[in-house]
C-alpha cells in the first residue's frame, strides 16, 4: 500500500481506532502487546514511519509553544510563565501550559502535548532523561528549562551552586554561625541539587563540618513551617536555617515566630529566588535573587530560534544570580558577629 494511505485506512486495516494507531506510532499510552503488534504490522504494510504522524503528517505549523512544569502554584512559576508568554505573544504564537504533578502518565502527557505545538520547554526532572531523548529523536524542538545540561538538548538555567556557596559563606564567615541546617529536598529538582551542593561547598572551603543530610521537604511554604516546627519540637535549633527557596523560608519564619523564637536574634533564616514577598517579611528575607521572569523569556526566545532551525543544540545559557542581604540573616541587628 502506498504512502498516500491515511490514518483512517490504517485504523480500518487493523480494526482499531485512529487514537490507537496514533498511540502505537508515537510509542505512548496504554496498548496491549497483541493490539500493538497488530497495529504495527498495519503501519508497516502502509509504509508509514512514526515521523509521518502528528505534525509531519499534515506538514503545518501550529503557531504554538508548550511549557511543562511539575506544578503551577506559587510565585516562581507565575513569574517564569509571564516571561515566557510575553515573548511568545511578541512572536504572535500561543502558549500551552502543563503541570504534570509527577503523575504516572506524565511522559504520555508531555508527548501528546508535543504533537500540538511547534516547540516545547520542559523544566528539569519533570520527565526522565530517556523521555526527553524520545522527544528529540522524534524531531521535536525541545529546550530544557532550569535543568542540568543534557548533551544535544539546549538548556536555559540560572546559576545556583556558586550563589548558594556565597550566601552560606556569608553566614559562616561574616556572621560566625557555627551550625546551619539546609531545608529542602536536593532530589526534588536540579536547582535544589545545585543549592545543596553550594551549601556543602562553602562549609568545606571554610573547614566547617556540614550536616550529614538536608531536611528533606517539598518547596511549599507549608513544608518550611512543618520542617522548622519539628526542629522546635526536638529542641535542636541551629544558628541559621538555610532554605532551598523563599517559600520554605517564609514558612520557617512563621513557625519560629509562632513559638516566640526571634528572627534573626535567635535563629537566622535565608531563602532563594527573591520573590516579591521576600522583601515584605518583618526583617526582610536575605535571599538570592534569580531573574525568574527573564528565565522564562530567554527560554521562549531560544525555543523560537530552535523552531526556526537557528539554534545550536549545545547551548547552555546560564543567567546570573545575586545574593540579596536583608535583615533575616542578622545584618543590621547590632553586631552581626556577636552571636
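Across all directions, the shadow cast by the convex hull of the chain built on its C-alpha atoms averages 19.4 square nanometres.
Computed over segment 101-199, the range of Cα coordinates on each principal axis works out to 54, 25, 18 Å, biggest value leading. Relative contact order, whole percent, for the chain stands at 17, derived from Cα pairs under 8 Å and 6 or more residues apart.
Each residue in 8, 96 was given a count of other beta-carbon atoms within 10 angstrom of its own, and listing them fewest first yields 8, 96. Note on the chain: GNM, Cα springs under 10 Å; of 83, 309, 124, the largest mean-square fluctuation is that of 309. Modelled spin-label separation between residue 235 and residue 308, with each label point placed 7 Å from Cα along the Cα-to-Cβ direction: 6.6 nm. From its DSSP helices (H runs of at least four residues, each -39,500 (n - 2.57)), the chain gives a residue-normalised ellipticity at 222 nm of -12000 deg cm²/dmol.
Between residue 280 and residue 9, full extension at 0.36 nm per residue minus the direct alpha carbon distance yields a gain of 91.3 nm.
Counting every other Cβ atom within 10 Å of each residue's Cβ, 306, 101, 289 order from fewest to most as 101, 289, 306. Averaging the sequence gap over all C-alpha pairs within less than 8 Å and six or more residues apart, then dividing by the number of residues, gives segment 58-147 a relative contact order of 36 percent.
Using 0.36 nm per residue and subtracting the Cα-Cα separation, the extra length available between residue 44 and residue 222 on full extension is 58.8 nm. I'd like the FRET efficiency for residue 258 and residue 78, computed as 1/(1 + (r/R0)^6) with the beta carbon distance as r and R0 of 25 Å, rounded to 0.05. It comes to 0.40.
For the chain, a Gaussian network of Cα nodes joined below 10 Å ranks 303, 103, 250 by mean-square fluctuation, and the top entry is 103.
In this rough spin-label picture, where each label sits 7 Å from Cα along the Cβ direction, the residue 105-residue 32 distance is 1.9 nm. For the chain, a Gaussian network of Cα nodes joined below 10 Å ranks 212, 258, 187 by mean-square fluctuation, and the top entry is 212. Taking a ≥ b ≥ c as the square roots of the eigenvalues of the Cα gyration tensor, segment 211-282 is classed as oblate, since a/c reaches at least 1.5 and a/b does not exceed b/c.
In the chain, the longest principal axis of the Cα atoms and the axis of helix 75-90 are about 50 degrees apart. Modelled spin-label separation between residue 94 and residue 319, with each label point placed 7 Å from Cα along the Cα-to-Cβ direction: 2.6 nm. Shown for 38, 235: other C-beta atoms within 10 Å of each C-beta, ranked fewest to most, produce the order 235, 38.
A short reminder: the numbers here are calculations on the coordinates, not readings from a lab. Nothing here was measured: the structure is a model prediction, and the numbers come from that model. Heads up, the Cβs are rebuilt from the backbone with ideal geometry, glycines too, and the neighbour counts pull from every protein chain shown.
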